[in-house]
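Working notes, beginning with the structure itself.
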Amino acid sequence: MDQAELIELVAKELGISNAQSQRLLRATLREIRDLLRVGHAVTLPHLGTFDTATYEEHRGYRPASNDFALFPKRRVPVFRTGTLLREDVYDIESDEEGAPT
Amino acid sequence: MSDDNKITFHAFTELVARCAKVSSVEADAYIHQLAMTMSEELETGGDIHLYRFGRFHTTHVGEQAGHDPNSDAPLTIPEHTRVHFRPYSALRFAVNAPFRQLRIKELTPDKTAWRMRSGAWILLALLAILLIVLGIGVSRMLTQDASVVPAEKASAKVELASPVYEAPVTIAPAPATVTTAPAEPSPPTAEATATIVSVSSGDTLWSIAAIAWGDSYWWPVIYAENRPELSRRNPDLIDIGTTLRIPALAGSVNSPRTADLRLKANAYRIVADDYQKLDNPRASAFAKLAARGINKLNNK
């Protein structure tokens, strides 16, 4: 599913125009990006959490030069699947406290 | 991945509402619906591409054996589907902005990296062109030198400090009568077959000796032979039009007889004496050579 299909689907569900849906989706993604840029984490209900992880300078293998190299410190965006989605996707049942078995 | 950097969903909704210029209720509803739609899509195992943001996709993991980390009891992990998010470069670069300037460092420096750089090749080409141009210039200069300087100068021995015997440009007197019979008996050699040479412009004793015998260093012999006729008494100056007698050698310059060597030694002595009279600093060198020649003869 690409972005256009997602916009149409959400617009149909909510009964809003595609343009409005697109504007809202773009605003959402933009806000997530801006928050990740300043180091915040954003949780979307039912879906998961967008966060950043910082990797310290480390040695690693580089296939391009077929050699090991020193990779610099970097920050990457990460996504953690939410529990509800995980249960749905993994098809596992949680007990009464909500923790997956 | 700590919890202290999380912002509340309410604050996020406010931000989205302000960005999209809608009410926060609308934004809240939209984000909830968006998340629901996306999770439904992921449950069916589909992918979601979000332009300039990232891609959600699922992978299927088969049943595998594992253990409970608390009780260390073996258990079987059932087959399940896992959700992955792959950020696109726009998002990655935005997040990595604080460390953008850092680069990968090679642990073992690559010594052939310069081959990939065009600057090095251009520099090498320029250097080669410069060398070629320099070589052309030097060779041209050498050929010019060869045409300007007489040949004997280029091959002159340092030992003798070869003088340039330039004939001064003077009005030549009446052409000397060719006297085939040299009345000068001082050199005790057979000069019955002496040849006559007329000095023209540009001739030197050095060049005349080279033409006559093939060895320029015998030029004092010519000078000594013709010294009575040369009014200047200067080994460096001969007049245009003067006729010079070139004595015939008993042997040759390459295998001289004793008489020839004596002739040569005497000639060097005469030249040294004339130089001495003219206060020419070359006198001592010629005197030394003459003495050396006489010594050799005496030792024989």
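Results, tabulated for the structure shown:
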item: In the range B:35-45, residue surrounded by the fewest Cβ atoms within 10 Å (Cβ to Cβ) [restricted to those that are touching a strand residue (DSSP E or B) at 6+ places or on another chain (Cβ under 8 Å) and at the interface with chain A (Cβ under 7 Å from one of its Cβ atoms)]; result: B:E41
item: Residue under evaluation A:R59, criteria (1) assigned to a helix (DSSP H, G or I); (2) among the basic types (K, R); (3) more than 18 Å from B:F93 (Cα to Cα), criterion not met; result: (1)
item: In the range A:1-17, the residues that are over 21 Å from B:V22 (Cα atoms) and either among the basic types (K, R) or surrounded by 14 or more Cβ atoms within 10 Å (Cβ to Cβ) (or both); result: A:M1, A:E5
item: Options A:G15, A:G39: the member that is facing chain B (nearest Cβ under 7 Å) and either out of contact with any strand residue (DSSP E or B) (no Cβ under 8 Å at 6 or more places or on another chain) or within 30 Å of B:E106 (Cα to Cα) (or both); result: A:G39
item: So B:Y275, is it hydroxyl-bearing (S, T, Y), touching a helix residue (DSSP H, G or I) at 6+ places or on another chain (Cβ under 7 Å), over 16 Å from B:S198 (Cα atoms) and assigned to a helix (DSSP H, G or I); result: yes
item: Exclusive hit being more than 18 Å from B:W213 (Cβ to Cβ) and either of a type in the set (A, V, I, L, M, F, W, C) or in a loop (DSSP other than H, G, I, E, B) (or both), set B:A248, B:A290, B:A267; result: B:A290
item: Test: residue in the range B:75-84 that is more than 17 Å from A:A53 (Cβ to Cβ), without any contact (Cβ under 8 Å) to a residue 12 or more places away in the chain and more than 7 Å from chain A (Cβ to nearest Cβ); result: yes
item: Pairs, first within 10 Å of A:K73 (Cα to Cα) and within 7 Å of chain A (Cβ to nearest Cβ) in the range B:98-109, second charged (D, E, K, R) and part of a loop (DSSP other than H, G, I, E, B), C-beta under 6 Å, six or more apart; result: B:F99/A:K73
item: Residue ID - surrounded by the most Cβ atoms within 10 Å (Cβ to Cβ), chosen from residues in the range B:23-34 that are in contact with a helix residue (DSSP H, G or I) (Cβ under 9 Å, 6 or more places away or on another chain) and within 7 Å of chain A (Cβ to nearest Cβ); result: B:Y30
item: Residue match in the range A:40-56 (condition: on the phi > 0 side of the Ramachandran plot and not assigned by TED's automatic domain parsing to the domain that holds A:V78); result: no
item: Filter result (touching a Gly at 6+ places or on another chain (Cβ under 6 Å) and over 23 Å from A:L84 (Cβ atoms)) within the range A:14-57; result: none
item: Unique match (being surrounded by 12 or more Cβ atoms within 10 Å (Cβ to Cβ) and away from chain A (no Cβ under 14 Å)) among B:A90, B:A125, B:A120; result: B:A120
item: Subset of the range B:4-21 (residues that are more than 8 Å from chain A (Cβ to nearest Cβ), in a helix (DSSP H, G or I) and out of contact with any helix residue (DSSP H, G or I) (no Cβ under 7 Å at 6 or more places or on another chain)); result: B:D4, B:H10, B:A11, B:R18
item: Conditions (1) at pLDDT below 90; (2) within 7 Å of chain B (Cβ to nearest Cβ): number failed by A:T83; result: (2)
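The values are calculated or read from the model by the stated rules, or taken from the named source; none is laboratory data. Please read all numbers here as calculations on a predicted model, not as lab measurements. Backbone-built Cβ (ideal geometry, glycine too); neighbour counts: all protein chains shown.
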